[in-house]
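Peer 1: Input: one structure, supplied below.
The values are calculated or read from the model by the stated rules, or taken from the named source; none is laboratory data. Fair warning: this is a prediction, and the values are worked out from it, not measured in the lab. Cβ: placed from backbone, ideal geometry, glycine included. Neighbour counts: every protein chain shown. Only protein heavy atoms, including side chains, enter the accessible area calculation; ligands, DNA and RNA are left aside. Shrake-Rupley method; radii C 1.70, N 1.55, O 1.52, S 1.80 Å.
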Amino acid sequence: VTKLQSEVESMKSFNHRLLSTIKQLTSDMESSSHRIETLVRKNDELKDRESAHLDTIAILKNEVDRLTMSKTVLESKQENLAQLETENELFASQIVEYEHEI
């Protein structure tokens, strides 16, 4: 009987340790589950930010392209203006020469 009581006490102690381990593992699992949820939310936020940054980059690229094109057009107009000024000076000098001849 004493031996049986000792074995029962040993089993109770073992069961108690198992129960304690199960509680700890359950707690760890809940903690891990919360951590996973937090990481999923953070991942979603980062994806949203990435998408916003990509949109911003696309807008900025379009603006740079537009400004580059505007710069090219402006440079072309400046070249045309310089050519017209040169032609105007040539015509003016021809007029002055023509007036001297008359």
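Peer 1: Can you pull a Stokes-Einstein diffusion coefficient for the stretch 60-102 at 20 °C (1.002 mPa s), Rh from Kirkwood over Cα pairs, as a whole number of µm²/s? Kindly include the intermediate steps, with their values, before the conclusion.
Peer 2: Working: Rh = 12.7 Å.
Estimated diffusion coefficient is 169 µm²/s.
Peer 1: Considering the chain as a Gaussian network with a 10 Å cut-off on Cα pairs, which listed residue, E30, E87, E63, attains the greatest mean-square fluctuation?
Peer 2: Top of the fluctuation ranking is E87.
Peer 1: Still on this structure, I have one more. How much net charge surrounds T38 when only other residues with a Cβ under 12 Å from its Cβ are counted (Lys, Arg +1; Asp, Glu -1)? Mind showing how you got there, number by number?
Peer 2: Working: positive: R35, R41, K42; negative: E37, D44, E45.
Summing Lys/Arg as +1 and Asp/Glu as -1 gives 0.
Peer 1: Out of R17, R41, R66, any idea which swings most in a Gaussian network model of the chain, alpha carbons joined below 10 Å?
Peer 2: Residue with maximal mean-square fluctuation among R17, R41, R66: R17.
Peer 1: What's the local net charge at I95, with K and R +1, D and E -1, over the other residues with C-beta under 12 Å away? Don't jump to the answer; show the numbers that get you there.
Peer 2: Values: positive: none; negative: E89, E97, E99, E101.
Residues close to I95 contribute a combined charge of -4.
Peer 1: Something else: How far is helix 2-101 tilted, in degrees, relative to the longest principal axis of the Cα atoms in the chain, given as a value from 0 to 90 rounded to the nearest 10?
Peer 2: It works out to around 0 degrees.
Peer 1: If you bin the C-alpha pair distances of the chain every 10 Å from 0, what whole percents do you get?
Peer 2: 11, 12, 11, 10, 9, 9, 8, 7, 6, 5, 4, 3, 2, 1, 0
Peer 1: While we're looking at this one, here's another question. Accessible area per residue of the chain at 1.4 Å probe, in Å²? Don't skip to the end; give the middle numbers.
Peer 2: Details: 9750 Å² over 102 residues.
Per-residue accessible area for the chain comes out at 96 Å².
Peer 1: Same structure, new question: GNM, the chain, Cα, under 10 Å: largest mean-square fluctuation among E85, E37, E45?
Peer 2: For the chain, modelled as a Gaussian network with Cα springs under 10 Å, the answer is E85.
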